[in-house]
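The values are calculated or read from the model by the stated rules, or taken from the named source; none is laboratory data. Everything numeric here is computed off the predicted structure, so don't read it as measured data. Heads up, the Cβs are rebuilt from the backbone with ideal geometry, glycines too, and the neighbour counts pull from every protein chain shown.
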Amino acid sequence: MSQNDSQNIENEVDLESIYAEIRETYLSTNLPWVIGYSGGKDSTTVVQLIWYALSGLPKNQLKMPVYIIASDTMVETPVIVDHLNLTLRRMNESAKENGLPFEAHKVMPQITDTFWVNLIGRGYPAPNQRFRWCTERMKIQPANRFILDRAAEFGEVVMVLGGRKSESISRAQVMNNKEHKITGSKLGRHHILSRAYVYTPIADFSTQDVWTYLLQVPSPWGSNNRDLASMYRSANSGECPLVIDDTTPSCGNSRFGCWTCTVVTRDKSMEAMIDNGEEWMLPMLEFRDWLAETQDPEKKYLYREHKRRTGEVLIEGKTADGQRVRGLKNIEMYMEESGEAIKDPKLVRGPYKLAFCKEMLKRLFETQHLVRQEGPDPNTDLITEAEIHEIRRIWRTERQDWEDSIPQIYYEATGKQLDWLQDDIGSFSAQEYKILQEVCEENGIPTDLVARLMEQERQLQGMHRRSGITQRIGSVLSEEWRDEDMIRTTYNLPPLHEGDETEIL
């Protein structure tokens, strides 16, 4: 940074004092630092400040590594992913070239925790304000795994975050909370991770301070901060911060974040990008809006099972005196003791039906084809091959997809075949399911009940120890196997399209 650059912004923030504070804090902790980097303005400012500050130290004092971690949920907007990948690569190259202790890493959810595996594979409903299942699996856990691994290696770590008090009143309240402050130190204790400290070097920056710094002080790893500003203008957006716990504010209505996000009513950032020339993203926006429509209370019965993933049917209502009653056993007990039906009964619907999951996967493949065809990268993956294989496994072993639908869906949408895994112990086919269905219907037995029991036996076939088979069979038999019509009649539920609700599975 030149002297003129420093003078241009010294009226806004005292850069030399900030650099001195960073150096002093780094040397006094003698611990590795982990910087949460989202690719947005605040986290870029934090990394850049620390980069310049530590560049001013003698090389023999740079003993502790500084890890820069960026969270990729695997459903980030492709424009943001490209920006993130390029920046992380430049950071690593520049750090190595200049002998600095920075290491940039991307953290991602495990395959079993990705958005598509949960949404399409397990049938989790599209996230909403009441059931935001995605944040924990896709953001908090990957970041915390990295932090805990470093804590296990070094004993403790310092988490460096880009939080600012001026972002919101609630953020200021959290940052001003003295409960976790350490007297005489710029650090605080993390309220969840016992072996992590927290450092927020731009806590007192305003938004103007951030942009003034970025636009007047060049990126030390060779990026162009004006490109970042241009991306913000194109998206009309704020940034989605690195999330390491559930106190981090949500991204809100205007943010860089997951293109699949249905927590917000509209994805204003993607709409703005499309309006500013990224028309190839339109199929993604249309898919996201179509997915959001499944949250319509009047249409949930079309998409969602009447049972939860546990096999339980959950109904709630009110007693004659207005008390809330929830769960079939409690409702049955009340009805038996009072001789009355519950008032305003509502069925809490479960996961997406398998048939609808198939439709979602088909549309996702079609959307991916359009994005590859019209977008800048013909190899863009909206869903990875590893996720496709995991969804297939879940459908086969947990959702009675005896016809093995995914290879055919994939071929019809792409004209290609993947290297599909063959089951060594054999598996049931669509023809066998049809025969099973005919036999079960003749005997008044739910087909999926027998199919589930047969699958439990198949999975333990050839094993030396089969001690778990009895428990597995008992678990299947304990599920609710009455169909929805019978459930609605028994518990005096309203017609299908009225009053159904969504909750956790």
Checklist entry - Any idea which residue in the range 357-393 is nearest to Glu432 (Cα to Cα), counting only those that are surrounded by fewer than 19 Cβ atoms within 10 Å (Cβ to Cβ) and β-branched (Val, Ile, Thr)? => result Thr384
Item to check | So Ala126, is it closer than 18 Å to Lys41 by Cα, touching a helix residue (DSSP H, G or I) at 6+ places or on another chain (Cβ under 8 Å) and not in a helix (DSSP H, G or I) | outcome: no
Checklist outcome for this item: Among (1) in a helix (DSSP H, G or I); (2) at pLDDT 95 or above, Glu103 falls short only on (1)
Item to check | The lone exception for Leu291 - which of (1) in contact with a strand residue (DSSP E or B) (Cβ under 7 Å, 6 or more places away or on another chain); (2) of a type outside the set (S, T, N, Q); (3) under 26 Å from Pro127 (Cα atoms); (4) in a helix (DSSP H, G or I) it fails | outcome: (1)
Checklist outcome for this item: The one condition Ala143 fails out of (1) farther than 29 Å from Glu374 by Cα; (2) of a type in the set (Gly, Ala, Ser); (3) within 15 Å of the chain's Cα centre (by Cα); (4) part of a strand (DSSP E or B) is (4)
Checklist entry - For the subset of the range 89-107 comprising residues that are surrounded by fewer than 16 Cβ atoms within 10 Å (Cβ to Cβ) and touching a residue at least 24 places away in the same chain (Cβ under 8 Å), which member is nearest to Lys299 (Cα to Cα)? => result His105
Item to check | Check on Gly339, at positive phi and of a type outside the set (Lys, Arg) | outcome: yes
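Residues are listed down the side, and each one gets a yes or a no for (1) surrounded by 14 or more Cβ atoms within 10 Å (Cβ to Cβ); (2) under 22 Å from Pro494 (Cβ atoms); (3) outside the structural domain of Ile120 (by TED's automatic domain parsing):
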{"position": "Gly257", "(1), (2), (3)": "yes, no, yes"}
{"position": "Val264", "(1), (2), (3)": "yes, no, yes"}
{"position": "Tyr301", "(1), (2), (3)": "yes, yes, yes"}
{"position": "Glu316", "(1), (2), (3)": "yes, yes, yes"}
{"position": "Gln323", "(1), (2), (3)": "no, yes, yes"}
{"position": "Tyr334", "(1), (2), (3)": "yes, yes, yes"}
{"position": "Ala341", "(1), (2), (3)": "yes, yes, yes"}
Next on the checklist: It is to be established whether one or more residues within the range 70-77 are over 30 Å from Leu361 (Cβ atoms) and in contact (Cβ under 8 Å) with a residue 60 or more places away in the chain.
Outcome noted: no
Item to check | Some residue of the range 174-182 being in a loop (DSSP other than H, G, I, E, B), modelled with pLDDT of 60 or more and in the same structural domain as Arg130 (by TED's automatic domain parsing) | outcome: yes
Checklist outcome for this item: Within the range 203-250, restricting to residues that are of a type in the set (A, V, I, L, M) and assigned to a loop (DSSP other than H, G, I, E, B), the one that is modelled with the highest pLDDT is Val217
Checklist entry - Hey, does the range 253-267 have a residue that's under 25 Å from Thr73 (Cα atoms), touching a Leu at 6+ places or on another chain (Cβ under 9 Å), modelled with pLDDT under 90 and in a loop (DSSP other than H, G, I, E, B)? => result yes
Checklist entry - Just one of Ile274, Ile331 is in contact with a Phe, Trp or Tyr (Cβ under 7 Å, 6 or more places away or on another chain), in a helix (DSSP H, G or I) and either of a type in the set (Ser, Thr, Tyr) or over 20 Å from Phe131 (Cα atoms) (or both); which is it? => result Ile331
